[in-house]
Amino acid sequence: MLEKSAKPLRTHPKAALPRKNEMESPNAIIITGASSGIGAALARRYIEDGATVGVCGRNRDRVLSVCGAAPRAIPLVFDVTDPAACETAVKNFEEEAGALDLAILNAGYHLATDAAAFDLETCKRIMEINYFGALNCLAPTIEAMKTRRRGIIAMMGSAAATIGLPNAGAYCSSKSAVARITETLRVELRAFNIDVRLITPGFVDTPLTARNEFPMPFLMPVEEAAALIERGLSSKSYEISFPRRLIWGLRLASLLPRALYFKLAERLLPSERRTD
Ligand SMILES: NC(=O)c1ccc[n+]([C@@H]2O[C@H](COP(=O)([O-])OP(=O)(O)OC[C@H]3O[C@@H](n4cnc5c(N)ncnc54)[C@H](OP(=O)(O)O)[C@@H]3O)[C@@H](O)[C@H]2O)c1
């Protein structure tokens with residue numbers, strides 16, 4: 001039985017706070033992976049705020065359901081692994097909504113991986129969606145924002161980028177790659193007045209984590225995660241990470257002597273796979 005269904009989900013203290021008005025609210029926003037989970041919750045929030053939102057995903061029905069009857073929601077059905085489709089989506093969005101203010105590159109995929117049954121295709125698929133999928137959208141986004149010298153790009157990372165976690169090797173690697181390129185983008189695009197951010201959530205209750213068959217510490221309801229992300233994006237913080245206890249726990253783990261970390265991490269494997 002998953003721990004998430006056994007315990008009520010905790011409310012993050014900052015999720016209920018009003019948004020900091022440090023930055024002007026974005027008017028034209030593209031959110032990839034907005035047909036489900038975190039992206040859908042974010043899209044609904046921004047639509048409610050009155051922004052024009054490009055709601056992206058492959059599943060047309062789910063994309064349309066998130067758009068609902070909102071006149072300012074623009075459905076964009078495409079696969080992020082197709083660079084030409086990403087370019088067309090950004091172009092179509094700008095034709096309808098005007099200059100893109102904020103791109104949240106959130107589309108992602110996770111499937112548990114295990115070196116004992118190494119599945120190269122799954123590893124490649126995870127990288128293809130989480131890393132190259134983000135880059136495919138990044139290319140037309142940078143192009144659009146660079147000429148205007150204005151815009152915010154938010155890359156969806158994960159707490160899993162902090163350290164290699166058993167049965168999530170491919171996912172951790174894909175999100176580490178996202179985190180590293182986001183750091184360089186932040187520096188390289190500054191001169192063009194493009195503000196690059198990294199979103200680093202812990203466990204959030206979405207269809208993606210519903211497949212997990214292990215306890216997920218500090219699992220957070222998706223609405224709270226979306227509230228924290230929107231609030232973070234309206235502030236000036238580079239990294240929007242939560243919940244703090246999980247983030248710091250993983251950061252500390254990454255500082256441990258390797259031998260000690262490997263011993264501890266082995267405990268996350270089934271008992272028959274442990275060596276002590
Ligand atoms: N949930 C968590 O605990 C958690 C924690 C840290 C980070 N994240 C990250 O947050 C992001 C959203 O995850 P989620 O939990 O909200 O998962 P989710 O509910 O499964 O949503 C994933 C979204 O990505 C889209 N997507 C997947 N593959 C795609 C593709 N090839 N082309 C276009 N869209 C694609 C899906 O849309 P379609 O199926 O319609 O294409 C869906 O809208 C992911 O990047 C994930 O890695 C999640």
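Read-outs: derived from the displayed coordinates by stated rules, not from any lab. Note that the coordinates shown come from a computational prediction; the quantities given were computed from them, not determined experimentally. As a convention, Cβ positions derive from the backbone with ideal geometry for all residues, glycine included, and neighbour counts pool all protein chains shown.
Before moving on, here are some points about what is shown:
- Using the Cβ of Glu188 as centre and a radius below 15 Å, the other residues enclosed give a net charge of +3, where K and R count +1 and D and E count -1.
- Distance-filtered residues of region 240-276 - backbone nitrogen under 12 Å, label point 7 angstrom along Ala112 Cα→Cβ: 268-271
- Rounded FRET efficiency, nearest 0.05, which uses the C-beta distance separating Glu239 from Arg149 and R0 of 22 Å: 0.40
- Put simply, the amide H of Arg197, placed in the peptide plane, has neighbours under 5 Å in Ile153, Ala154, Met155, leaving out anything fewer than 5 places away on its chain.
- Dipole of region 24-273, positive end: most advanced residue of Asn167, Ala259, Leu246 [Cβ charges, Cα centre]: Ala259
- In order along region 118-130, the Karplus-derived 3J(HN,Hα) couplings, from 6.51 cos²θ - 1.76 cosθ + 1.60 at θ = phi - 60°, round to 4, 10, 4, 4, 5, 4, 5, 4, 4, 5, 4, 7, 5 Hz, and Gly and Pro are given as x.
- The residues neighbouring Ala34, those whose beta-carbon lies less than 12 Å from its own, together hold a net charge of +4 under the Lys/Arg +1, Asp/Glu -1 convention.
- Amide hydrogen neighbours beyond the local backbone of Asp205, cut-off 5 Å, H modeled: Met220, Val222
- Comparing Cα centroids, region 221-262 and region 188-218 end up 9 angstrom apart.
- Using a Förster distance of 22 Å, the FRET efficiency for Arg211-Glu96 (Cβ separation, nearest 0.05): 0.05
- Inter-centroid distance (Cα atoms) of region 59-96 relative to region 133-155, Å: 16
- Ellipticity at 222 nm from helices only: DSSP H runs of n ≥ 4 in the chain, each -39500 (n - 2.57), divided by the residue count, give -13500 deg cm²/dmol.
- For region 39-50, putting each phi into the Karplus relation 6.51 cos²θ - 1.76 cosθ + 1.60 with θ = phi - 60° gives couplings of x, 5, 5, 5, 4, 4, 5, 5, 4, 4, 6, x Hz, in residue order, rounded to whole numbers and with x for Gly and Pro.
- Lysine pairs meeting the criterion (Cα under 30 Å, 8 or more apart or interchain), as found in region 24-273: 10
- Rounded FRET efficiency, nearest 0.05, which uses the C-beta distance separating Arg180 from Lys263 and R0 of 41 Å: 0.95
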